[in-house]
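The values are calculated or read from the model by the stated rules, or taken from the named source; none is laboratory data. Keep in mind the model is a prediction, meaning the values are calculated, not measured. So basically every Cβ, Gly included, is an ideal-geometry build from the backbone, and we count neighbours across all protein chains shown.
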Amino acid sequence: MASKNDRVNLSTAEVLLACGDLQGLTVMSEMFAGFGCHSPRKVQTMADAKAIVKEKIINLMIVDSALNDAEGYEFISWLRRAELDPNSFAPVILVTGHTRPSQVFRGRDSGASFVVAKPASPVVMMQRIVWLLNDTRKFVSSPGYCGPDRRVKALGPPVGIKGRRHDDLSAEVGLAKTPNLDQNEIDALFNPKAVA
């Protein structure tokens, strides 16, 4: 999580901002100017976004779910499979006003590195950028998905704190303390019996 002391200099980064709404694009541009990125590549259509990633190396992409000629999900899916090294592997933050779980899953499944709900505050956006700078997830390419590994490491409870299930029985099975059942006894367990 980003703190007040975190500093990220985006002045030399090539950033693509893609949003179908001109006002939304202006807001994103002003936010990134505050982060030091004074000349991001701004587009409103998937066609323009494709043209830019084909000709320039982009370090970070912020893509709105609604572009003028397509959905942002489509652009991200195309990008991940386009074999445009290194742009196909660049971090992509999907910005969407629809944060129902199905839409978040759709963004994740299209290959977005992160999904951020609108209106995205500068603090939240910077937190996501800082997180992506430290992201060590592998890139996965399979017939059904192409993008960063969707699994985020589960590191367990913090050091020195017992987990919620710390008093569970051990997963190791020891030796039997009584003789095993014979087949007749096992069959009897599965046969219904009349109660007297």
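Listing for the model above:
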item	result
Breaking point among (1) modelled with pLDDT under 90; (2) part of a loop (DSSP other than H, G, I, E, B); (3) exposed (fewer than 14 other Cβ atoms within 10 Å of the Cβ), for Asn184	(2)
Test: residue in segment 75-86 that is out of contact with any strand residue (DSSP E or B) (no Cβ under 9 Å at 6 or more places or on another chain), assigned to a helix (DSSP H, G or I), surrounded by fewer than 20 Cβ atoms within 10 Å (Cβ to Cβ) and at negative phi	yes
Filter pass, Pro143 being modelled with pLDDT of 85 or more and closer than 30 Å to Gly107 by Cβ	yes
Pick from segment 8-65, criterion of a type in the set (Ser, Thr, Tyr) and free of Cβ contacts under 8 Å to residues at least 40 places away in the same chain, ranking: nearest to Ala90 (Cα to Cα)	Thr12
Count of segment 9-33 residues which are closer than 23 Å to Ala49 by Cβ and at pLDDT below 90	3
Per-region count, segment 89-106, residues touching a residue at least 24 places away in the same chain (Cβ under 8 Å) and among the polar types (S, T, N, Q)	2
Residue under evaluation Gly111, criteria (1) at pLDDT below 90; (2) touching a helix residue (DSSP H, G or I) at 6+ places or on another chain (Cβ under 8 Å), criterion not met	(1)
Positions within segment 36-45 being surrounded by fewer than 21 Cβ atoms within 10 Å (Cβ to Cβ) and either more than 22 Å from Leu132 (Cα to Cα) or modelled with pLDDT of 95 or more (or both), in sequence order	Arg41, Lys42, Gln44, Thr45
Residue pairs meeting the criteria (Cβ under 7 Å; at least 6 apart or on separate chains; first in contact (Cβ under 8 Å) with a residue 60 or more places away in the chain and of a type outside the set (Val, Ile, Thr), in segment 109-138; second surrounded by fewer than 16 Cβ atoms within 10 Å (Cβ to Cβ) and assigned to a helix (DSSP H, G or I))	Pro122/Gly34
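Conditions tested, residue by residue: (1) surrounded by 10 or more Cβ atoms within 10 Å (Cβ to Cβ); (2) outside any helix (DSSP H, G or I); (3) at pLDDT below 90.
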site	(1), (2), (3)
His98	yes, yes, yes
Val116	yes, yes, no
Gln127	yes, no, no
Arg137	yes, yes, yes
Gly156	no, yes, yes
Gly163	yes, yes, yes
